[in-house]
Amino acid sequence: MSPAAATAATAAAAADRSEIAFFDLETTVPTRTGQGFAILEFGAILVCPRKLVELESYSTLVRPSDLSLISSLSVRCNGITHDAVVSAPSFADIADKVHDILHGRIWAGHNILRFDCARLREAFAEIGRPAPEPKGTIDSLALLTQKFGRRAGDMKMATLASYFGLGQQTHRSLDDVRMNLEVVKYCATVLFLESSLPDIFTANSWISPNATTRSRSNGKFSNGGSSVSSSTSGQKVESDRILSLAIQGEGEAHPIFSLVTPNADEVVKSDTVRPDAFSMDSLSVDLRAEPLLSDVAMEEQPDNQDSDMSVSSPAAASEGCSGYAGFLEPEEVSIPSIRASLVPFYRGSQRIQLSHKGAILQLCCNQLRVRFGVNDRFLNNAGRPKFSFVVDISPTLCQVLDACDGIAQKLSVDSGSSSEWKSVVIRKNGFANSPTIRLHIPTVNADVPRYETEIYRKESSGSSEKLVFSQCNIEEIKPLLSTGTSVDACFSLDHYDFQQNSGIRLVAKKLFIYSN
């Protein structure tokens, strides 16, 4: 073959891989430390980058090498049972097909950079084969975190689908990738309208669509097999028409390529948002494993504290936490009276709220001993350190928190969450008889950042003095909460569900730190 012919053949092969591969995995849910994930289902659609219509689809259940990994928790998350996959092909059986669909194409999906891509690499490594490599990636979690985070609530696909009125998420691969495509279309449509008429259409001018549920045309997947289909007309919705006005470029100038990150392993810190709302450059964000979402509400409180570092006159605080309005000691809590309910959070989203006899449950504990002092390893969504410390807890507090965990986790699963639940009580090898909890000290992002937690120094005489800090600095707060220090703590029990992690975060509202 002549060099010219070879070049033409290479160009033709590249053109043949121009489709965007939206894909999704359903997996088992680990139930113990060190247990990995096993793929239970793979689903993908190939999408035309010019018209954003579906060209082909493929889905199949997958039989894991160890069927015992399919726990009851896994079944509750995606409905895939032991019997459904017992006669399905193994991953080795479908590896050629998966590789052919994905290799050399742009990959798209929700949270694929942190989850699906990693699971694929693991699956190919287990059978001793090289994994497919993408031409680029579009992670809609990163995209919507930057562009729609405040208006669309948490970044879960179910919440986003509800926000755009696209129906209920099924947690099945082929349905989810089609829903993902529709979410991206609607996102692009809204951004296009906002950028076209910025004085009329703004991020705050939209009416929530959650009151109306639109139907969407999704092919039904039949359990226990694979399917290959071709779509000639695609799913025609109003967003297609609007997007066709914007998608006019060719090659690398095509707007869809501005969504693409170079490869599946790169997660780049996002740049400053550009004035043009439709510009989708630098959509990748630095996503940390620590759940961040619940801190947003904390950071929006008004700033009403002095800014200089000093010790104020004695505060009119109670002798200890006991009797502080709105907070219960563990001994005052009746476990059968604890309830969990879903309450509105951000637009279109909900969070779990724990209550006790009709009132929001907040706890107050005396003489908690600090086991591990303050750390600031994690950042909040504004890029500032998140402060927390670990304390030993009593058996009574442990019982109350375990009960709260169980009640909230059940509601989380019943409401359709597939996130991994993190226990609020920390139990580690070697400390089986001495459980701990992590108390968080939230910060408020104002001109001068401050702690939202009220912090007092408590003297041996029983009097308390309120501490006021000039800045949120670990060097100022760390000496106050060193290992072995005793504290009285009033704290709330805040539910979070972010980036496939869910649980209860204990947020300190008031701390009384005993003088040594």
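GLY136 - would you say it is closer than 20 Å to PHE22 by Cβ, surrounded by fewer than 22 Cβ atoms within 10 Å (Cβ to Cβ) and assigned by the TED database to the domain that holds SER195?
Numbers: closer than 20 Å to PHE22 by Cβ: yes; surrounded by fewer than 22 Cβ atoms within 10 Å (Cβ to Cβ): yes; assigned by the TED database to the domain that holds SER195: yes.
So GLY136 passes the test.
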Exercise. Within the range 402-411, is even one residue closer than 19 Å to LYS386 by Cα and open to solvent by 20 Å² or more (accessible area, probe 1.4 Å)?
Worked result: no
Problem set entry | Selection status of ARG178, farther than 17 Å from ILE138 by Cα and touching a residue at least 12 places away in the same chain (Cβ under 8 Å) | no
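Taking the options ARG172, ARG129, name whichever one is under 22 Å from PHE498 (Cα atoms), of a type outside the set (A, V, I, L, M, F, W, C), surrounded by fewer than 24 Cβ atoms within 10 Å (Cβ to Cβ) and assigned by the TED database to the domain that holds ARG76. So that I can check it myself, show each step before the final result.
Values: ARG129 fails: under 22 Å from PHE498 (Cα atoms).
From the options ARG172, ARG129, the qualifying one is ARG172.
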Seminar exercise, completed: In the range 106-126, residues that are farther than 19 Å from LEU141 by Cα, in contact (Cβ under 8 Å) with a residue 24 or more places away in the chain and among the charged types (D, E, K, R) total 2
For this session: Would you mind stating whether CYS117 is in the same structural domain as ASP24 (by the TED database) and within 23 Å of ASP16 (Cβ to Cβ)?
Result: yes
Exercise. How many of the residues in the range 35-45 are crowded, with 22+ Cβ neighbours inside 10 Å, in contact (Cβ under 8 Å) with a residue 40 or more places away in the chain and not acidic (Asp, Glu)?
Worked result: 6
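Give the residues of the range 60-94 that are under 21 Å from ARG129 (Cα atoms) and either touching a Phe, Trp or Tyr at 6+ places or on another chain (Cβ under 9 Å) or in contact (Cβ under 8 Å) with a residue 60 or more places away in the chain (or both), sorted by residue number.
Pass one, the range 60-94, residues under 21 Å from ARG129 (Cα atoms): 60-66, 88-94.
Across the range 60-94, the qualifying residues are THR60, LEU61, VAL62, ARG63, PRO64, SER65, ALA88, PRO89, PHE91, ILE94.
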Exercise. Are any of the residues in the range 133-141 under 20 Å from ILE45 (Cα atoms), modelled with pLDDT of 85 or more and part of a helix (DSSP H, G or I)?
Worked result: yes
For this session: Kindly provide the set of residues from the range 83-124 that are acidic (Asp, Glu) and under 21 Å from the mean Cα position of the chain (by Cα), ordered by number.
Result: ASP116
Exercise. How do the pairs read when you match residues in the range 193-207 that are at pLDDT 60 or above with residues anywhere that are aromatic (Phe, Trp, Tyr) and surrounded by 13 or more Cβ atoms within 10 Å (Cβ to Cβ), using Cβ under 6 Å and keeping only pairs 6 or more apart or on different chains?
Worked result: LEU193/PHE201; GLU194/PHE201; SER195/PHE278
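The values are calculated or read from the model by the stated rules, or taken from the named source; none is laboratory data. Keep in mind that this is a model prediction, so the values were computed, not measured. As a convention, Cβ positions derive from the backbone with ideal geometry for all residues, glycine included, and neighbour counts pool all protein chains shown. Please note that ligands, DNA and RNA were not included when accessible areas were found on the heavy atoms of the full protein model with its side chains. Shrake-Rupley method; radii C 1.70, N 1.55, O 1.52, S 1.80 Å.
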